[in-house]
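Notes follow once the structure below has been shown.
The values are calculated or read from the model by the stated rules, or taken from the named source; none is laboratory data. Just so it is clear, the structure is predicted and the values come from calculations on it, not from any experiment. Quick reminder, even Gly has a Cβ in these numbers, built from the backbone with ideal geometry, and neighbours come from all protein chains shown.
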Amino acid sequence: MSVAKTRNAPVRVRFAPSPTGHLHIGSVRTAIFNWVFARRHAGTYVVRIEDTDLERSKKEYVDSISNSLKWLQLESDEPVVFQRDRSEVHVAAAKMLMKKGLAYPCFCDKAASGKPEEIGKKYDKVCCKKIYTEEDLQKPHCVRFKLPEDITEVAFKDLIRGEVKVALGQLDDFVIVRRDGSPTYNFVVVLDDIEMEISHVIRGEDHISNTPKQILIYRALGKMIPEFVHLPLILGPTGSRLSKRDGAVSVTEYRDQGFLPEALFNYLVRLGWAHGDVEMISREELVRIFNFDDVNKKGAMFDQKKLDWLNGVYIREATIARVIDAMTDVEPDGMKELREKWDDEALAALVEMYRSRASRVTEIVSGILNLARGPEDLNLSLIEKWRSDKTGPMLNDFYEFLANHETNDAKALLEAAKGVAVAHGAKLVGLAQPLRLAITGGVCSPGIFEIMLFLDESELLARVKALKTQLF
């Protein structure tokens, strides 16, 4: 059966997540490709919530998916469609197929029996030729789609993989309505895609086995078959499908860990799609050049280090206001504390310094909070490699300098520290790192003499004295 055809209808695509969990980044990439393709062809991108799994679907996940799409600016162009709202239409369509002899009731459903020896076997069509009455239909039964007898294969053109053929002998008279009266996935997605006038079905390659069945349903309903695009899977470090054991996998986790939505968007669209060596790409440029010819057929390996690097680039190139907004979204309590300690100008200056080495906005918040709060305990092992019998005396001399001089000039502080180090025959790092520990509680921070300026004199002296006291 050939499905070669041309379409003159406007491009309409849909992203159809199931609200059985938070939005997975693999699903996000599917949403991105749908969104970009729609924009590339001046089409329409619609979100459909596939909530027919009554047991697992939850409102909290609907809200989570909605918030994640909003965060990524992937909101639906039209009102969101909820699949459950169309259940009556789905059941009516099944009855219509039964009336036409294209589907039939099955009273011996092997899946319902649950017998291990039955599961996995092809259905023997024992109910296909049975004559049933209205009274029979009152008994528990499922509804099976009747495979056509006038074809031997189902073929379709995938816009990434080319022509795909599946022998009809590999298929079964598959269930379209379960015994509990609920329609199955393969049936309802076709009905809803028809109703929504979807022109292109863009989804993960894990759905490719569903496509022949769905094409048969389109054919039975006498409807135009959409174009199909099956995206390669996102793989974890071991080469298997990315999963929870590989680390964060949901949008909410990446948002909470301090990733910018524009960075995550950029990274995911480049995961399996390439256009030269360009790593960073704007949405506008992406829409202009996007083509499925540039999508790889093989699965794409998820690289957390590369995402961290890219997020860091976005953090450094963003406006300070944008970074502060992102910090506030992720750490509202921490940012409230920082705003109580410093005014907007000082906080902006600190963000500018701390973002230079950050790969996540949460690192900026935690770094500045460490400066604001000071160390609770001084872990001297952190400065072991720089510590010597000169450390205590150098700290004592620098403390005396701070106590007797103005501390509003970073260059003057640096020169004073250099002078102390030279006087003791030591390197500057031998004083700078202990000072960094005393002031921030760690040994990694922006320039220590620059960030000293953000503490008042008494606070600065108290922190240096605490370390000096512990060393003597």
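General remarks:
- Residue selected from the range 283-316 under the condition among the polar types (S, T, N, Q) and modelled with pLDDT under 95, by the criterion farthest from HIS41 (Cα to Cα): GLN304
- The criterion of at least 3 residues that are within 21 Å of SER282 (Cβ to Cβ) and touching a Leu at 6+ places or on another chain (Cβ under 7 Å) is met, among helices (runs of 4 or more DSSP H) falling completely within the range 1-109, by 25-40.
- Test: residue in the range 464-472 that is out of contact with any His (no Cβ under 9 Å at 6 or more places or on another chain), within 13 Å of LEU380 (Cα to Cα) and not in a helix (DSSP H, G or I): yes
- Restricting attention to the range 185-220, the residues being among the aromatic types (Phe, Trp, Tyr) and more than 25 Å from GLU78 (Cβ to Cβ) number 0.
- In the range 390-421, the residues that are loosely packed, with under 15 Cβ neighbours inside 10 Å and within 20 Å of GLN470 (Cβ to Cβ): GLU400, ALA403
- A search for C-beta distances below 8 Å between a residue of the range 29-47 that is polar (S, T, N, Q) and any residue that is crowded, with 22+ Cβ neighbours inside 10 Å and assigned to a helix (DSSP H, G or I), counting only pairs 6+ apart in sequence or on different chains, returns THR44/ALA38.
- Residue that is farthest from ARG219 (Cα to Cα), among those in the range 146-205 that are hydroxyl-bearing (Ser, Thr, Tyr) and touching a Ser or Thr at 6+ places or on another chain (Cβ under 8 Å): SER182
- Strands (runs of 3 or more DSSP E) within the range 174-261 that include 1 or more residues more than 23 Å from the chain's Cα centre (by Cα): 175-177, 227-231
- Residues (over 20 Å from PHE265 (Cβ atoms) and under 27 Å from the mean Cα position of the chain (by Cα)) located in the range 329-351: GLU331, PRO332, ASP333, GLY334, MET335, VAL351
- Hits in the range 421-438 - residues which are within 48 Å of the chain's Cα centre (by Cα) and either assigned to a helix (DSSP H, G or I) or in contact (Cβ under 8 Å) with a residue 60 or more places away in the chain (or both): VAL429, GLY430, LEU431, ALA432, GLN433, PRO434, LEU435, ARG436, LEU437, ALA438
- Answer from SER458, SER381 - the residue that is at pLDDT below 90, surrounded by fewer than 19 Cβ atoms within 10 Å (Cβ to Cβ) and small (Gly, Ala, Ser): SER381
- Single residue of the range 350-383 satisfying the filter (among the charged types (D, E, K, R) and assigned to a helix (DSSP H, G or I)) that is farthest from ASP308 (Cα to Cα): ARG373
- Taking residues in the range 54-66 that are surrounded by 14 or more Cβ atoms within 10 Å (Cβ to Cβ), and partners anywhere that are among the aliphatic types (A, V, I, L, M), the pairs with Cβ atoms closer than 8 Å and at least 6 places apart or on different chains are VAL62/ILE49; SER64/LEU23; ILE65/LEU23; ILE65/ILE49; SER66/VAL80.
- Selection within the range 152-180 - in contact (Cβ under 8 Å) with a residue 12 or more places away in the chain, farther than 23 Å from GLU205 by Cβ and loosely packed, with under 14 Cβ neighbours inside 10 Å: THR152
- The set of residues in the range 264-280 being under 18 Å from the mean Cα position of the chain (by Cα) and aliphatic (A, V, I, L, M) consists of LEU264, LEU268, VAL269, LEU271, MET280.
- Within this structure, LEU395 fails the test of being assigned by TED's automatic domain parsing to the domain that holds LEU467, within 30 Å of LEU310 (Cα to Cα) and of a type outside the set (Lys, Arg).
- Taking the criterion of being of a type outside the set (Val, Ile, Thr) and in contact with a Pro (Cβ under 7 Å, 6 or more places away or on another chain), the residues of the range 54-72 that qualify are SER57, LYS58, TYR61, TRP71, LEU72.
- Hits in the range 392-430 (condition: of a type in the set (A, V, I, L, M, F, W, C) and over 17 Å from GLU459 (Cβ atoms)): MET394, ALA412, LEU414, ALA416, ALA417, VAL420, ALA421, VAL422, ALA423, ALA426, LEU428, VAL429
- Among residues of the range 286-310 being of a type in the set (D, E, K, R) and part of a helix (DSSP H, G or I), the one that is surrounded by the most Cβ atoms within 10 Å (Cβ to Cβ) is ASP308.
- Residue ID - surrounded by the most Cβ atoms within 10 Å (Cβ to Cβ), chosen from residues in the range 422-445 that are among the small types (Gly, Ala, Ser) and under 29 Å from SER366 (Cα atoms): ALA438
- In the range 398-420, the residues that are in a helix (DSSP H, G or I) and of a type in the set (Ser, Thr, Tyr): TYR399
- Subset tally (residues that are assigned by TED's automatic domain parsing to the domain that holds GLU197 and among the acidic types (Asp, Glu)) for the range 219-276: 1
- Test for ILE198: is it under 24 Å from VAL80 (Cβ atoms) and at pLDDT 95 or above: yes
- Residue within the range 313-325 that is assigned to a helix (DSSP H, G or I), farther than 18 Å from VAL361 by Cβ and touching a helix residue (DSSP H, G or I) at 6+ places or on another chain (Cβ under 8 Å) present: no
- Of the residues PHE145, PHE156, the single one that is at pLDDT 95 or above and over 25 Å from VAL13 (Cβ atoms) is PHE145.
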